[in-house]
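Engineer: Quick one: this structure, given as structure tokens, is what I'll be asking you about.
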Amino acid sequence: MPINPYEITPPARLEDEILFIETAGEMPEVALADSLHHLGGGLSETDLNCLRAAAVRAYTAIIQRDLNVTNLGLPHFRGLGRAADNLARLGSFLGRLGWPPPQEAWKASKALFQDYLHAERASLADGRAYASASRSQVEAVARAIGLDLHAEQDLLVKLEQMPCPDFLGLKALMRLEAAMGIFKYRIEDGGMACLEVSDNRGKVLATAELGLLGADDREDPVCRERVELVWRLLDLPEC
């Protein structure tokens, strides 16, 4: 194997499989396994390393997505908790291969995380009533990515004191807040909670729907807690 497995130029015949792995979504190693099954045997070690490097790039992409504070509240954002989980999975994957992390991507990820913490500190100082990540999530990312949090102790203490919606709650809350409504309104039907904000004439400005049911079609306490937290943090009078 070359000293740097990320510098291998893949053969043209693997380009489609590499693209599949890199764009398959939340489970790069599953995509890698599917690709290997599809290709069958007869792959060289160089071929395998090209595909493995694609899985590393896929992991890096979804990790950076969730470390990028500009994605906060957007539909594709999954939060620092997911970033920490994926960093742990990537670490295990690299450990099994005996590979180092891709240095430039690692450096970029660390910079994104530092920007995230800076933005979180600023938002809380400006009076935002909730955290976008918990202390344990921040610490898990920092351990995995190799960032010293010694200078962030006051922020960590602050995070412990703040309510912290999960990524679904953040998406709903930030969508509703962005509408700059005057009143809030809710209705629950068919296992869904529909939260709305309106202007002073009752015109609906934004809507967010959150599920209430678990896989067994019964109300899930976690889903209920999410809805109630978003409702409580939406600092508007009820219509």
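Engineer: Checking Leu170 against (1) touching a Gly at 6+ places or on another chain (Cβ under 9 Å); (2) under 30 Å from Asn49 (Cβ atoms); (3) touching a residue at least 40 places away in the same chain (Cβ under 8 Å): exactly one of these is not met. Which one?
Structural biologist: Only one criterion is unmet by Leu170, namely (2).
Engineer: Moving on. Given the structure, is Cys239 hydrophobic (A, V, I, L, M, F, W, C) and within 27 Å of Leu80 (Cβ to Cβ)?
Structural biologist: Considered against the rule, which asks whether it is hydrophobic (A, V, I, L, M, F, W, C) and within 27 Å of Leu80 (Cβ to Cβ), Cys239 comes out as no.
Engineer: Let me ask something additional. Name every residue in region 158-191 that is among the acidic types (Asp, Glu) and under 24 Å from Ala133 (Cβ atoms), in order of residue number.
Structural biologist: Glu160, Asp166, Glu177
Engineer: From the set of residues in region 124-148 that are in contact (Cβ under 8 Å) with a residue 60 or more places away in the chain and surrounded by fewer than 19 Cβ atoms within 10 Å (Cβ to Cβ), which is farthest from Ala105 (Cα to Cα)?
Structural biologist: Among residues in region 124-148 that are in contact (Cβ under 8 Å) with a residue 60 or more places away in the chain and surrounded by fewer than 19 Cβ atoms within 10 Å (Cβ to Cβ), the one farthest from Ala105 (Cα to Cα) is Ala129.
Engineer: Here is a further query. Confirm whether Leu205 is modelled with pLDDT of 95 or more, within 30 Å of Ser136 (Cβ to Cβ) and among the aliphatic types (A, V, I, L, M).
Structural biologist: So Leu205 does not fit the description; no.
Engineer: Among the residues of region 1-51, write down those that are assigned to a helix (DSSP H, G or I), over 24 Å from Glu104 (Cα atoms) and either polar (S, T, N, Q) or in contact (Cβ under 8 Å) with a residue 60 or more places away in the chain (or both).
Structural biologist: Within region 1-51, Ser35 is the sole residue that qualifies.
Engineer: While we're on this one: Output yes when any residue across region 149-166 is surrounded by 14 or more Cβ atoms within 10 Å (Cβ to Cβ), closer than 18 Å to Arg82 by Cβ, of a type in the set (A, V, I, L, M, F, W, C) and in contact (Cβ under 8 Å) with a residue 60 or more places away in the chain, and no when none is.
Structural biologist: Looking for residues that are surrounded by 14 or more Cβ atoms within 10 Å (Cβ to Cβ), closer than 18 Å to Arg82 by Cβ, of a type in the set (A, V, I, L, M, F, W, C) and in contact (Cβ under 8 Å) with a residue 60 or more places away in the chain, one finds none in region 149-166, hence no.
Engineer: Which condition does Leu74 not pass, out of (1) at pLDDT 95 or above; (2) assigned to a loop (DSSP other than H, G, I, E, B); (3) not polar (S, T, N, Q), if it passes all the others?
Structural biologist: (1)
Engineer: With closer than 26 Å to Val69 by Cα, assigned to a strand (DSSP E or B) and of a type outside the set (A, V, I, L, M) as the only criterion, which of Glu196, Glu188, Glu177 stands out? Give the derivation first.
Structural biologist: Numbers: Glu188 fails: closer than 26 Å to Val69 by Cα; Glu177 fails: assigned to a strand (DSSP E or B).
The unique qualifying residue is Glu196.
The values are calculated or read from the model by the stated rules, or taken from the named source; none is laboratory data. What you are looking at is a predicted structure, and each value in this text was computed from that prediction instead of being measured. Cβ sites come from the backbone with ideal geometry, for glycine too, and all protein chains shown count toward neighbours.
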